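Novice: So that we are looking at the same thing, I have put the structure below in structure tokens.
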Ligand SMILES: Cc1cc2nc3c(=O)[nH]c(=O)nc-3n(C[C@H](O)[C@H](O)[C@H](O)COP(=O)(O)OP(=O)(O)OC[C@H]3O[C@@H](n4cnc5c(N)ncnc54)[C@H](O)[C@@H]3O)c2cc1C
Ligand code: FES
């Protein structure tokens, strides 16, 4: 199969960008989307052009490095997978495919398809942890944790921090990301002592970074490669409400 | 010649670590703030070390080439982490974990290090649970365990198929806590390109900001490398694409010894290669071997048949046949080699003939589809995504792939290299796994090194240096190192040849896989040692690196790393050639028993080979650290 790619190229944040069209060579439908970009980049390099910059690392859907908006959807057409787990099988021979970066004000463009997501690190630094010093922990069995709570916490903890939720949201809201972390800790006994302080600090930092408000359209849940549930946003809102009442 | 003093404390094995901690020099709290420590890497080892050193009061700078510390390769570990908790009451103990690890490593690791690893393993789990790591639990609320290759007890803790992710996010959260406290400063998108050595001590690094191209000098009282393994020298591997050897390689070229480079691990259960475009190989967690049965047809003529059409009697469950007591749970090196053997015999399955079946039909019958889905659902999903096949209905096809490196920079018991002030943690060092690593032990080692070992040992070094004598970045050693870095970048960009970096990397990887992969022999290694320098020469003349050094340039990043792979590949082959025995992941065809099992040579090779760089024009020196076994008896490693 072959496809036509319309790729966003932009030197840096200060230079205007544009779409550039590339006709791919013959491709194998078992190739991943990123392997296709590798092939195109090899070709560009040989033609003396600069290859397309894009983010990736693990290529198995766990590190959260890959991004890309493919035909208008963060992480492409398939539900519940990241761009690196998108295979050409999901496209047809001759398709024209639009490839853009994750666009959101708090994610400044770096180059071509690469954006900066350090805002997430700053939100985590504001409170996304349990304050426990190394070596001071009690025996792991000292506090039993109901299986349901552990499983639910794991559902939330599965977030890979890719930012697709922000990229798809018309308000560039980071609520799904933040609520996943807040809920993971909020569901576990170990997270209780700092529960309200944590949510207040993280939400405050989220606002400071310029992420928008949540209007519960659910588009974030729909594109999340780990299918993080909107329920966590509701959960976080409740915790945040309590935090405000308590003046945390 | 480098001085290789292991500094293993005296006394009985079980008391060495606690005694050592007691006897270590301490730095008083008010002085700790004056010490600066550079940590390169924020995988399990680097993030846990940075966080803990920060807690202790040191001033820490942490560097990663990733856009965030949370993205390190550790995130991809699936199966689990070992710890001698004996929560299952199945006879586990510190001593058993120690013994399994020593034996698993084919008696090529230091007793004292491995014992310490087993000893601190239990604390790791306590620490992680307290951090909110959502490990799998039983209905009673206690932690669940599974068993893993090379062990007959259930001591592996896990968080679904995402254990590495959860442990890393735990360590990253600990790091965030210290970032918030101001004790740690984090530099993302920043790649270390050289180590600065002043008067024989590691005193700083040269880094490049990958977004702006800016090259910056950083000085410190000690430098910690926690930069992961070097398996991507093979190009195709289960590593993340960006994982690379540059940090340890450049440290090697500054005088740090590189130990046992030929101890590389090939993982038996990966998805087979499907085409030339392939960029990486995907691991199917070893935990699948708990319930899946591995087989190939007995008759090569059956290899293209629908597997359902091959009756039980015509199948060869070769691991169960050859290793009845461990069966499908035989260690990785043994399972990988057995797979290679049956494929060499023409019995491999799939398009290329390079594959074996991992079959769940029996497990599904015994446990029901739901139970199998609960245990392995996400792995079956990954398999489906990649191959478009449904493993609930047809057996998976798997094949060995490059996965982990036991070799790495040489360190003493304190995790300090032969260069004073340079500490090496996690997969980047050579310390604990001997010639083969057991499943679920890398995560254990990374966190042991970072949370517990380094924080206990670094003070002994720091107490000997005065923070007000830290060399400034204007010292000539910094200027010289910076100039080297700049020169290399200029050379790569100026070359404008006709081949891409990737095409060279592919060719090198293929060469290594063929001659220094699952089975090695003298003729093949010699051939590789002739071809690698020629290819390296062509690389220098004919590589094409587009773009500039003033902004994000992924081709340039890659080009520097591949340049290092060429040199490392040569050392790997050299080490494999010199080690005239088979042990663990290093299998020399000349040294095997008639039944094809590895033949170790304890008389001549019960030692660590630590290579010392001698400059570009002279071959490296092979230093030797003898391995002394006082507690365990070196035995032929049998899993039969
Ligand atoms: C697919 C897969 C599954 C695995 N599953 C398991 C498992 O179930 N159990 C188990 O025990 N082990 C497992 N392993 C092995 C284990 O994951 C690794 O050995 C371990 O995570 C390595 O951790 P680390 O901290 O040493 O290095 P890494 O996690 O590789 O981290 C390296 C860090 O160094 C940084 N870095 C490197 N070079 C530079 C440089 N020059 N400049 C700046 N920064 C640099 C990187 O940015 C990164 O932060 C698995 C491995 C793979 C590939
Ligand atoms: S590259 Fe890691 S999630 Fe896609």
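Novice: Given the condition in a helix (DSSP H, G or I), touching a helix residue (DSSP H, G or I) at 6+ places or on another chain (Cβ under 6 Å), at the interface with chain A (Cβ under 9 Å from one of its Cβ atoms) and over 23 Å from residue B:243 (Cα atoms), answer yes or no: does some residue in segment B:165-172 qualify?
Specialist: No, that holds for no residue.
Novice: While we're on this one: List the strands (runs of 3 or more DSSP E) inside segment B:201-302, counting only whole elements, that have at least 2 residues being more than 14 Å from chain A (Cβ to nearest Cβ) and within 27 Å of residue B:333 (Cβ to Cβ). Before the answer, list the steps.
Specialist: Values: elements: B:201-209, B:215-219, B:222-225, B:264-270, B:293-297.
In segment B:201-302, the matching strands (runs of 3 or more DSSP E) lie at B:264-270, B:293-297.
Novice: Ok, one more. For segment A:149-230, give me every one of the helices (runs of 4 or more DSSP H) that falls completely inside it and has 3 or more residues that are within 15 Å of the chain's Cα centre (by Cα) and within 11 Å of chain B (Cβ to nearest Cβ).
Specialist: Output list is empty.
Novice: Among the numbered conditions (1) within 7 Å of chain B (Cβ to nearest Cβ); (2) within 16 Å of ligand 1 (Cβ to nearest atom); (3) touching a strand residue (DSSP E or B) at 6+ places or on another chain (Cβ under 8 Å), tell me where residue A:42 comes up short.
Specialist: Answer for residue A:42: the failing condition is (2).
Novice: Which one of the conditions (1) away from chain A (no Cβ under 14 Å); (2) in contact (Cβ under 8 Å) with a residue 40 or more places away in the chain; (3) outside any loop (DSSP other than H, G, I, E, B); (4) in contact with a strand residue (DSSP E or B) (Cβ under 6 Å, 6 or more places away or on another chain) does residue B:148 fail to meet, given that it meets all the rest?
Specialist: Residue B:148 satisfies every listed condition except (3).
Novice: Against the definition (within 14 Å of ligand 1 (Cβ to nearest atom), touching a helix residue (DSSP H, G or I) at 6+ places or on another chain (Cβ under 7 Å) and in the same structural domain as residue A:8 (by TED's automatic domain parsing)), how does residue A:58 come out, yes or no?
Specialist: The answer is yes for residue A:58.
Novice: If you don't mind, there's one more thing I want to ask. Have a look at A:64, A:94, A:116, A:128 and point out the one that is at positive phi and either more than 16 Å from ligand 1 (Cβ to nearest atom) or in contact with a strand residue (DSSP E or B) (Cβ under 6 Å, 6 or more places away or on another chain) (or both).
Specialist: Details: A:64 fails: either more than 16 Å from ligand 1 (Cβ to nearest atom) or in contact with a strand residue (DSSP E or B) (Cβ under 6 Å, 6 or more places away or on another chain) (or both); A:116 fails: at positive phi; A:128 fails: at positive phi.
Result: A:94 is the single residue among A:64, A:94, A:116, A:128 that is at positive phi and either more than 16 Å from ligand 1 (Cβ to nearest atom) or in contact with a strand residue (DSSP E or B) (Cβ under 6 Å, 6 or more places away or on another chain) (or both).
Novice: On to the next question. In this structure, is residue A:7 over 10 Å from residue A:84 (Cβ atoms) and either crowded, with 19+ Cβ neighbours inside 10 Å or modelled with pLDDT under 95 (or both)?
Specialist: Numbers: over 10 Å from residue A:84 (Cβ atoms): yes; either crowded, with 19+ Cβ neighbours inside 10 Å or modelled with pLDDT under 95 (or both): yes.
In short, yes.
Novice: For the structure I just gave you, tell me whether residue A:29 is away from ligand 1 (no atom under 16 Å from the Cβ), modelled with pLDDT of 95 or more and part of a loop (DSSP other than H, G, I, E, B).
Specialist: When the stated conditions are applied, residue A:29 does not pass them.
Novice: Which residue out of B:141, B:132 is at positive phi, within 14 Å of another protein chain (Cβ to nearest Cβ), buried (at least 23 other Cβ atoms within 10 Å of the Cβ) and at pLDDT 95 or above?
Specialist: Exactly one residue qualifies, and that residue is B:132.
Novice: Do you know which residues across segment B:42-55 are part of a helix (DSSP H, G or I) and either near ligand 1 (Cβ under 6 Å from one of its atoms) or away from chain A (no Cβ under 12 Å) (or both)?
Specialist: B:44, B:45, B:46
Novice: Something else: Identify all residues within segment B:13-41 that are within 16 Å of ligand 1 (Cβ to nearest atom) and in contact with a helix residue (DSSP H, G or I) (Cβ under 8 Å, 6 or more places away or on another chain); write none if there are none.
Specialist: At the first step, the residues of segment B:13-41 found to be within 16 Å of ligand 1 (Cβ to nearest atom) are B:37-41.
B:37, B:39, B:40, B:41 - these are the residues of segment B:13-41 that are within 16 Å of ligand 1 (Cβ to nearest atom) and in contact with a helix residue (DSSP H, G or I) (Cβ under 8 Å, 6 or more places away or on another chain).
Novice: While we're here: Based on what the data block shows, is residue B:426 modelled with pLDDT of 95 or more and within 12 Å of ligand 1 (Cβ to nearest atom)?
Specialist: So residue B:426 passes the test.
Novice: Oh, and also: Over 29 Å from residue B:71 (Cα atoms) and either within 16 Å of ligand 2 (Cβ to nearest atom) or not assigned by TED's automatic domain parsing to the domain that holds residue A:225 (or both): is that true of residue A:34 in this structure?
Specialist: no
Novice: Tell me, which residue of segment B:56-73 that is in a strand (DSSP E or B) and either within 7 Å of another protein chain (Cβ to nearest Cβ) or touching a helix residue (DSSP H, G or I) at 6+ places or on another chain (Cβ under 6 Å) (or both) is surrounded by the most Cβ atoms within 10 Å (Cβ to Cβ)?
Specialist: Result: B:62.
Novice: Output yes when any residue across segment A:163-180 is under 20 Å from residue B:163 (Cβ atoms) and touching a helix residue (DSSP H, G or I) at 6+ places or on another chain (Cβ under 8 Å), and no when none is.
Specialist: The answer is yes, given that some residue of segment A:163-180 is under 20 Å from residue B:163 (Cβ atoms) and touching a helix residue (DSSP H, G or I) at 6+ places or on another chain (Cβ under 8 Å).
Novice: For residue A:57, are the conditions met, namely being surrounded by 15 or more Cβ atoms within 10 Å (Cβ to Cβ), out of contact with any strand residue (DSSP E or B) (no Cβ under 7 Å at 6 or more places or on another chain) and on the phi < 0 side of the Ramachandran plot?
Specialist: Considered against the rule, which asks whether it is surrounded by 15 or more Cβ atoms within 10 Å (Cβ to Cβ), out of contact with any strand residue (DSSP E or B) (no Cβ under 7 Å at 6 or more places or on another chain) and on the phi < 0 side of the Ramachandran plot, residue A:57 comes out as yes.
Novice: Look through segment A:50-69, keep the residues that are away from ligand 2 (no atom under 13 Å from the Cβ) and more than 7 Å from chain B (Cβ to nearest Cβ), and return whichever of them is farthest from residue B:162 (Cα to Cα).
Specialist: A:52
Novice: Within segment B:151-164, which residues are at the interface with another protein chain (Cβ under 8 Å from one of its Cβ atoms) and surrounded by fewer than 24 Cβ atoms within 10 Å (Cβ to Cβ)?
Specialist: B:160
The values are calculated or read from the model by the stated rules, or taken from the named source; none is laboratory data. In this text, all values refer to a predicted model and were calculated from it rather than measured experimentally. Here the Cβ is made from the backbone with ideal geometry for all residues, glycine too, and neighbour counts use every protein chain on show.
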